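Structure first, commentary second.
The values are calculated or read from the model by the stated rules, or taken from the named source; none is laboratory data. Note that the coordinates shown come from a computational prediction; the quantities given were computed from them, not determined experimentally. Every residue, glycine as well, gets a Cβ built from its backbone with ideal geometry; the counts of neighbours run over all protein chains shown.
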Amino acid sequence: GAGVSQSPSNKVTEKGKDVELRCDPISGHTALYWYRQRLGQGLEFLIYFQGNSAPDKSGLPSDRFSAERTGESVSTLTIQRTQQEDSAVYLCASSLVTGDGQPQHFGDGTRLSIL
Amino acid sequence: SQKIEQNSEALNIQEGKTATLTCNYTNYSPAYLQWYRQDPGRGPVFLLLIRENEKEKRKERLKVTFDTTLKQSLFHITASQPADSATYLCALGSTGGFKTIFGAGTRLFVKA
C-alpha cells in the first residue's frame with residue numbers, strides 16, 4: 001500500500017508481558033516517528049529516526065521502552081514488562097525530511113490494552 | 001515549558017455554518033504551524049501548513065490564520081458539512097528541528 005502501515009491494529013496482553021509493535025513507513029521517507037496517544041489526549045512524542053543517524057530517544061517514558069529501525073525501512077517499538085499505564089494507542093508517522101514543515105503521514109495505530 | 005492549548009470542549013455547529021477552532025501556544029516561537037484531522041480509530045491526516053511569516057492560508061473550504069503576536073492560530077471550515085465532523089489537531093514546529101508538538105485537539109460535530 002501507499003500509506004504507513006502498522007501492526008497489529010489491536011493488542012491485548014497481560015501485565016508483565018513484553019509486546020512488539022511494527023511500523024512500515026512510506027517508501028522513501030527518511031524520517032520516522034513514534035507517538036503515544038492516551039484516550040482524549042494529544043500525541044506524546046516517543047522517539048524519532050532520521051536515516052542512519054542516531055535516533056532521538058528523549059521522549060521514551062522509561063527504560064522498558066525501546067525502538068529499532070533498520071536503515072529507512074521497518075521500525076519496531078518494544079515495551080517490556082508492560083504496565084496498565086502503557087495502555088494507549090501507539091501511532092507511527094513518516095515524512096520525507098525533517099523540519100521545515102514537512103507533513104507527517106500517520107498509520108492508524110496499534111491500540112494496546114494491558115489487563 | 002512549551003504548551004499548546006485547544007478547546008477541550010466539543011464544538012457543535014449546524015450544517016452550512018462556519019466552524020472556527022482555536023489553537024493557542026505559550027513559551028514557544030514556532031517557525032510553522034500545521035493542522036491535522038483525526039477520525040475515530042484512525043491516525044491524523046495533514047490538512048494545512050502555515051509559516052510564521054504568513055498571516056493566512058486557504059485550501060478549498062479551509063482557512064488558517066497565524067498571529068505570532070497573539071501566539072494563536074484560528075482554523076476555519078466554511079459551509080460546514082456533517083462529513084467535517086472529526087477531531088482537529090494543531091501542531092507546532094521549528095526550522096531545522098524534527099519535533100512537532102501536538103495539541104490535544106478539538107472535537108467538531110456538524111449537525112445536519
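Rundown of residues vs (1) more than 15 Å from the chain's Cα centre (by Cα); (2) of a type in the set (Val, Ile, Thr); (3) under 21 Å from B:Val110 (Cβ atoms), yes/no style:
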position	(1), (2), (3)
B:Asn27	yes, no, no
B:Asp39	no, no, yes
B:Leu49	no, no, no
B:Pro82	yes, no, yes
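Looking at B:Ser29, B:Ser80, which one is among the hydroxyl-bearing types (Ser, Thr, Tyr), buried (at least 16 other Cβ atoms within 10 Å of the Cβ) and part of a loop (DSSP other than H, G, I, E, B)?
B:Ser80
Residues in the range A:73-82: is at least one within 22 Å of B:Tyr32 (Cα to Cα), assigned to a loop (DSSP other than H, G, I, E, B) and of a type in the set (Ser, Thr, Tyr)?
Among the residues of the range A:73-82, not one is within 22 Å of B:Tyr32 (Cα to Cα), assigned to a loop (DSSP other than H, G, I, E, B) and of a type in the set (Ser, Thr, Tyr), which makes the answer no.
Out of all the residues in the range B:18-50, which are touching a Pro at 6+ places or on another chain (Cβ under 9 Å) and of a type in the set (D, E, K, R)?
If the condition is that a residue be touching a Pro at 6+ places or on another chain (Cβ under 9 Å) and of a type in the set (D, E, K, R), then B:Arg37 is the only one that fits.
Which numbered condition in (1) outside any loop (DSSP other than H, G, I, E, B); (2) within 14 Å of chain B (Cβ to nearest Cβ); (3) farther than 30 Å from B:Glu9 by Cβ is the only one that A:Glu44 fails?
(3)
Please indicate, with yes or no, whether at least one residue in the range A:30-39 is β-branched (Val, Ile, Thr) and at pLDDT below 95.
yes
The conditions are (1) touching a His at 6+ places or on another chain (Cβ under 7 Å); (2) among the aliphatic types (A, V, I, L, M); (3) more than 14 Å from every other protein chain (Cβ to nearest Cβ), and A:Leu96 fails exactly one of them. Which is it?
(3)
Residues being within 15 Å of A:Trp34 (Cα to Cα), surrounded by fewer than 19 Cβ atoms within 10 Å (Cβ to Cβ) and touching a residue at least 60 places away in the same chain (Cβ under 8 Å): count how many of those fall in the range A:60-115.
Of the residues in that region, 3 qualify.
Which one is surrounded by the most Cβ atoms within 10 Å (Cβ to Cβ) among residues in the range A:1-43 that are under 15 Å from the mean Cα position of the chain (by Cα) and basic (Lys, Arg)?
Across the range A:1-43, the extreme among qualifying residues is A:Arg36.
Can you tell me which residue in the range B:32-77 is farthest from A:Ser95 (Cα to Cα), limited to those that are surrounded by 19 or more Cβ atoms within 10 Å (Cβ to Cβ) and among the β-branched types (Val, Ile, Thr)?
Of everything passing the filter in the range B:32-77, B:Ile77 is farthest from A:Ser95 (Cα to Cα).
Which residues, counting only those in the range A:94-115, are farther than 19 Å from A:Lys11 by Cβ and part of a strand (DSSP E or B)?
A:Ser94, A:Ser95, A:His105
Hey, can you tell me all the residues within the range B:86-107 that are among the small types (Gly, Ala, Ser), in a loop (DSSP other than H, G, I, E, B) and at the interface with another protein chain (Cβ under 7 Å from one of its Cβ atoms)?
B:Gly96, B:Gly97, B:Gly103, B:Ala104, B:Gly105
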